[in-house]
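Here the structure comes first, spelled out in structure tokens, and everything after it is commentary.
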Amino acid sequence: MCNLYSQTKSQDAMRHVFDAMLEEGEELVDRTGNLPPIPGIWPDYPAPIIRRGAGAAWQLTMARWGMPTPAKFLEGKRVDKGVTNIRNVGSPHWRRWLGVEHRCLVPFTSFSELDGRRGASRNSPVWFALGVDRPLGFFAGIRTTWTSVRKLKEGEVTAEIFGFLTCEPNAEVAAVHPKAMPLILTRPEDWRCWLTAPTEKALTLQRPLPDGRLTIVAEGVREDVANHVG
């Protein structure tokens, strides 16, 4: 389960990469404000997502990481910390958010999994990226606006929230964490499919990244501070 990732590319870089997906008349509207590099994004942290906007516009906006937890897991609890990773898209709890109006792309430059290799230190992160220069990639995400208590000191809030899908791990991730990996999309045609296609077609993308596409870029650290901003 990925509960820590980074996004250190500039807003211009995100807009430039996403341009490859835009069709005539479409635009990407930036609503993030002044967005600094974020070398360590944890659950319930705000992070950028790309989602549907009004008319022919897409939005680059901020949301908190963690979708609503299924009710059966909230019995006796006063807060809902959210679900960051979604695997079972057949569950009625998640099906309500699989339509195009709730799908989003989550920009990232690297992500971590806890090291499960023999002899490894417990709870030690291993960071993966699409290359040593940390090129921009996207997780396939879902989002909604939800009212809940995420922190007791904060009380009830209404927030834009998101999570991303997971799938079977590819070879690189499986060697470290054999259970799952984030659903990563690297091609403009797949970004568009995820954001616009009927649900049945969009979910055909829920598959591992091909073997050989990921590189271990850092180990044992809580932030991937070596990322290059661009």
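Values quoted throughout were computed directly from the atomic coordinates according to the rules given, and no laboratory measurement underlies them. Everything numeric in this text was worked out from a predicted model, so none of it was measured. Neighbour counts are summed over all protein chains in view; Cβ atoms, including those assigned to glycine, are modelled from backbone coordinates with ideal geometry.
If you go through the range 172-213 and pick out every residue that is touching a strand residue (DSSP E or B) at 6+ places or on another chain (Cβ under 8 Å), farther than 30 Å from G119 by Cβ and either among the basic types (K, R) or buried (at least 19 other Cβ atoms within 10 Å of the Cβ) (or both), you end up with 6. Among the residues of the range 146-165, just one is in a loop (DSSP other than H, G, I, E, B) and among the small types (G, A, S), namely G155. Counting only residues that are in contact (Cβ under 8 Å) with a residue 24 or more places away in the chain and either of a type in the set (V, I, T) or within 17 Å of M181 (Cα to Cα) (or both), the range 111-135 holds 16 of them. If G141 satisfies every condition in (1) surrounded by 12 or more Cβ atoms within 10 Å (Cβ to Cβ); (2) more than 20 Å from G212 (Cα to Cα); (3) in contact with an Asp or Glu (Cβ under 8 Å, 6 or more places away or on another chain); (4) not basic (K, R) but one, which is the exception? Tallying (1) surrounded by 12 or more Cβ atoms within 10 Å (Cβ to Cβ); (2) more than 20 Å from G212 (Cα to Cα); (3) in contact with an Asp or Glu (Cβ under 8 Å, 6 or more places away or on another chain); (4) not basic (K, R), G141 fails exactly one: (3). Candidates R143, R122: the one that is in contact with a strand residue (DSSP E or B) (Cβ under 9 Å, 6 or more places away or on another chain), in a loop (DSSP other than H, G, I, E, B) and at negative phi is R122. For the range 51-110, filtering for residues that are charged (D, E, K, R), without any contact (Cβ under 8 Å) to a residue 60 or more places away in the chain and farther than 26 Å from T186 by Cα leaves 3. You will find that of R222, R207, the residue that is closer than 17 Å to Y5 by Cα and assigned to a loop (DSSP other than H, G, I, E, B) is R222 and no other.
Residue-by-condition table, conditions (1) of a type in the set (D, E); (2) touching a helix residue (DSSP H, G or I) at 6+ places or on another chain (Cβ under 9 Å); (3) under 14 Å from E219 (Cβ atoms):
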position: E101; (1), (2), (3): yes, no, no
position: L136; (1), (2), (3): no, yes, no
position: F139; (1), (2), (3): no, no, no
position: I142; (1), (2), (3): no, yes, no
position: K151; (1), (2), (3): no, no, no
position: A171; (1), (2), (3): no, no, no
position: V176; (1), (2), (3): no, no, yes
